[in-house]
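Participant: Please find one structure pasted underneath; my questions will follow.
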Amino acid sequence: DAELDVFRDSIVGLRSVIKDYVPKSSTTYKGLLPVPPPSTAVVWCWQETPTRMSVHSKGDLHGEEKDCWIKYDDKATSVLETAYQAKKATISPVKGYFVDLNTMVQTKATTGFKRKVARFEETKESSRSTIDRSQIHGDVRDLPFDLQGEPQMVLVTGDVIQISKQRSDGWAFATKMHYADEDLARDLLESVVHADELYTDTGWIPLDATRIPSGDDLRELQQKIGDTQLAPPSSWDPIVDPTIVQRHTLSSTMEEYRKVKDDFLSTLVPPRFNRKIRVKRIERIQNLAMWQSYMVKRQTICYRDAGFNQASSTASSQFELRKALERFERCWLWHATNGDAIEKIAQQGFNRSFCGKNATMYGKGIYFARDSSYSASTTYAVPDRNGLQYMLACRVVVGEYCVGKRDALTPDVRDGQKNILYDSTVGLSTDDDMANPSIYVTYHDAQAYPEYLIVFQTKNDSVTV
């Protein structure tokens, strides 16, 4: 209908996928992709007093109502499971409460009141049938020579993607805006041999596997993001070409410049950082296609948490949506890189093929720091031949997160019944807790937008200019 046509026209480079596509691997695969084994998710619960069960919603319950098991929220569950796997004796999953993991009893610190806790494992069978991989479009497609080593994306019929760069030979760089079947996309990816540069959410694709979307193609995507504003921020300079990135150097007299600089310098002080800092320039990065991908991803996560339904929007649901945004978006987190990667990040975003290859302690994703002092060292912000270092101030939608695991390709399962993963993982330093971790790791490139580039130099004196 007309509303969906307007929605389609408001987003740069939208395409619908019309056939499955798996990039050709270095070892051609044939035969059947079997049904994946059942997945397992862990649920932690505390036991409510029977007379108080009426105050809880059905979504809070685990098992039969008569058993009175109430699920911990996602963050508490992650804390409990991490401590359980580490064989710790006690842990505080929620402020003011302590759980003895040997006796499985929760105690309220102020009163000593005790409740039972329990750990359940849920198993879910896959709903997918066996797939004949020899019938998948990508088996006979070779990537052009000059794109060898570049990221490639798995496509499933019904996906909605956004093109950010298009070549005359029929290849395009795209980001996944909507998954038709994310489980199938992951299964196809995992079936490929030597798939280091293959992803489910971003990469090069053959344009003939897609078409301009109809209104029906976009209906589910629009329902997921509602009336999200996809226009560029009012602070941006006029967009010359929505498909090309624009970088604008900010004047040092601008309030925008001062805000970014102050945030950048706020943790670059002794004893955390003992070097002199000189900010050389700050650039605003304007990439409309990437901005829209980020806004769609951000709103999808927030709407999911708030249980938002566009058809029945109320003042209460809008309030829940604002709370979700405050909880899930970080502005800013810091990502240091080298000068050679800046243009590629500005054009294509934080693709895991050229970001995050070296850091894998908390998972194989893109790493962001809460504090600029963590990233400003020459280890991460590698100086170029002129001694310049590069830091990106990023908007990041971290969503629901869990503690990261070394070399993990994805976060843990958050909801075993729906096979939903956590959105991000985190790394905890000595003084951190789950409410305020120092390291965030994302696994979908659209989760982050590089809003500003700070170019700076450091020397061995703790004086800032």
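Nothing in this text is a laboratory measurement; each read-out follows from the coordinates by a stated rule. Since we're looking at a predicted model, the values are computed, not measured. Please note: Cβ atoms are built from the backbone with ideal geometry, for glycine as well, and neighbour counts cover all protein chains shown.
Participant: Can you give me the distance in nm between label points at K95 and K66, each placed 7 Å from the Cα along the Cα-to-Cβ direction?
Facilitator: For the pair K95/K66, the computed spacing is 3.9 nm.
Participant: A further question on this structure: Using a Förster distance of 56 angstrom, determine the FRET efficiency expected from the C-beta separation of D181 and N386, and round it to 0.05.
Facilitator: Once rounded, the FRET efficiency stands at 0.70.
Participant: Here is a follow-up. Longer than 31 Å from Cα to Cα, which of K344/K459; K276/K405; K95/K259; K276/K297 are they? Say none if no pair is.
Facilitator: Violating the 31 Å Cα-Cα cut-off are K276/K405; K95/K259; K276/K297.
Participant: R0 = 22 Å: FRET efficiency of K114 with D432, Cβ-based, nearest 0.05?
Facilitator: About 0.20, to the nearest 0.05.
Participant: Using 0.36 nm times the number of residues separating R327 and V55, minus their current alpha carbon distance, what extension gain do you get?
Facilitator: Here the answer is 95.5 nm.
Participant: Between M254 and I239, 0.36 nm times their residue separation minus their Cα-Cα distance comes to what?
Facilitator: Result for the pair: 3.4 nm of gain on full extension.
Participant: List the residues whose amide H sits under 5 Å from the amide H of H178, counting only those 5 or more places along or on another chain, with H placed 1.01 Å from N in the peptide plane.
Facilitator: Here the answer is V160, since their amide H atoms fall under 5 Å of that of H178.
Participant: Could I ask something else about it? Amide H of Y380 versus every other amide H placed in the peptide plane: which residues, excluding those fewer than 5 positions away on the same chain, fall under 5 Å?
Facilitator: none
Participant: Sorting check: for 100-106, 230-236, which peptide has the highest mean count of neighbouring beta carbons within 10 Å, and how do the rest follow?
Facilitator: Averaged packing, sorted descending, gives the order 100-106, 230-236.
Participant: For R211 and S377 in the same chain, what is the full-extension length gain: residue separation times 0.36 nm, less their Cα-Cα distance, in nm?
Facilitator: Result: 55.2 nm gained on full extension.
Participant: Quickly work out the S266-to-K75 label distance, labels modelled 7 Å from Cα along the C-beta direction, and quote it in nm with one decimal.
Facilitator: 1.7 nm
Participant: Between D142 and E190, what FRET efficiency follows from the Cβ-Cβ distance if R0 is 25 Å, with the result rounded to 0.05?
Facilitator: Given R0 = 25 Å and the Cβ-Cβ separation, E is 0.70.
Participant: Separate question: Would you work out the Kirkwood radius for region 218-298? I mean one over the mean of 1/r across all pairs of different Cα atoms, in Å.
Facilitator: Hydrodynamic radius (Kirkwood, Cα pairs) of region 218-298 is 15.5 Å.
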